[in-house]
Amino acid sequence: MVRSMTGYGRGEASNEQLSVTVELKSVNHRFFEASVRAPRQFAFLEDKLKSYVQSRVARGKIDIMVSCDFGAAMADKIEVNEAYAAEYIAALKTLAEKFGITDDISVSNVARNQDVFTLTKQSLDEEAVWELVLTAAATAVDNFIKERETEGKRMADDVLSRTKTILGYVAVVEERSPKTVQEYRERIEKKMKELLGDTTVDEQRLITETAIFADRVAVNEETVRLRSHIAHFSEMCEAGGVVGKKLDFTVQEMNRETNTIGSKCQDIEISHIVVEIKSEIEKIREQIQNIE
């Protein structure tokens, strides 16, 4: 299935220690480019996350956002250094007695001494964290790809309908082109008769001039190639996968054949049709810039 390069996906995972959310969003880009925004403690995840997403997504500029909530088990532990606190309080009382200072010792007074407390930070098990983040990332990428595929189908339907419109125009060109040769023969024969008067028109010369003109304006080779490019384009859309660059190249070939038809034709009706074909090709080209 054809995928768009724009999309959004979200995934969550949790255990007793941690709750993780991973979000992905992307816009068009010629290649794969990813950036990760995560809590400082998760800096070790950046390369792993990029590699995982790249293993499933081929193109696009992707923002990967990781957020987390730590559970009670991961809260930092604060303990009272009781022996030190006892010594500290005793020293304060001695100070008050010796110098006749009012004894106003309170918890808040004691707490101002940071040495009374011991702060123990909980360490992260990096492997366990990665497994949890990977679970959330897998769900996020699944949802991300699903949205890309939905948008990709809409785009594929649009461009394929436009190729059918182009084929209709090509059929008109193929029908009209031989008539321009006949009309040219009639015009040149009329002009020769006007110039020569009663003199018999040289039929061989007329045939030669008409043949030269027919060869110069013949576009059957171009229309055959244009049809072939359109068929290949449709096959790639139906097959899906990472086809954006191939589709873009094929559209360039379609445009090249159309330009050749336009440069060869000397008929106003065909010229108008060529303009319509080029308009449809340009709309297709704009759409496929967003295909992975």
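Each value in this text was obtained by applying a stated rule to the coordinates, not by laboratory testing. Since we're looking at a predicted model, the values are computed, not measured. Neighbour counts are summed over all protein chains in view; Cβ atoms, including those assigned to glycine, are modelled from backbone coordinates with ideal geometry.
Extending each Cα 7 Å along its Cβ direction at residue 84 and residue 138, get the distance between those two points in nm, one decimal.
It is 4.6 nm.
At what distance in angstrom do the alpha carbon centres of the stretch 101-166 and the stretch 214-286 lie from each other?
That distance is 47 Å.
Rounded to the nearest 20 debye, what is the charge dipole size of the stretch 1-155 about its Cα centre when +1 sits on each Lys and Arg Cβ and -1 on each Asp and Glu Cβ? Before the final figure, lay out each step's value.
Details: 20 positive and 24 negative charges, 263 e Å.
Here the size comes out at about 1260 debye.
In the neighborhood of residue 158, defined by Cβ-to-Cβ distances under 14 Å, what is the net charge if each Lys or Arg adds +1 and each Asp or Glu adds -1?
Working: positive: 153, 154, 162, 164, 283, 285; negative: 151, 157, 280, 282, 286.
Residues near residue 158 contribute +1 overall.
Work from the charge dipole of the stretch 1-156 (Cβ charges, +1 for Lys and Arg, -1 for Asp and Glu, about the Cα centre) and give the residue of 101, 143, 129 farthest towards its positive end.
143
In bins 10 Å wide, starting from 0, what share of all Cα pairs of the stretch 76-120 does each bin hold, as a percent?
So the P(r) values, bin by bin, are 26, 50, 19, 5, 0.
Under the Karplus relation 6.51 cos²θ - 1.76 cosθ + 1.60, θ = phi - 60°, what is the ordered set of whole-Hz ³J(HN,Hα) values for the stretch 86-102, x standing for Gly and Pro?
Taking θ as phi minus 60°, the curve returns 4, 5, 5, 5, 4, 5, 5, 5, 4, 4, 5, 5, 5, 10, x, 8, 4 Hz for the stretch 86-102.
Once the other residues with Cβ under 14 Å from the Cβ of residue 113 are scored (Lys, Arg +1; Asp, Glu -1), what is the net sum? List each step's numbers first, then the result.
Details: positive: 112; negative: 82, 87, 115.
That sum, taken over residues with Cβ under 14 Å, equals -2.
Based on the Cβ-Cβ distance of residue 283 and residue 125, what FRET efficiency does E = 1/(1 + (r/R0)^6) give at R0 = 51 Å, to the nearest 0.05?
0.45
Taking a 28 Å limit on the Cα-Cα distance, which of the listed pairs 25/164; 146/246; 50/283; 48/283; 153/245; 146/278 fall beyond it? Walk me through the numbers on the way to the answer.
Working: 25/164 33 Å; 146/246 22 Å; 50/283 33 Å; 48/283 38 Å; 153/245 17 Å; 146/278 32 Å.
The answer is 25/164; 50/283; 48/283; 146/278.
Using each residue's phi in the stretch 240-248, evaluate 6.51 cos²θ - 1.76 cosθ + 1.60 at θ = phi - 60° and report the 3J(HN,Hα) Karplus result to the nearest Hz, with x for Gly and Pro.
Per residue, the Karplus-derived 3J(HN,Hα) values read x, x, 8, 10, x, 5, 5, 5, 4 Hz.
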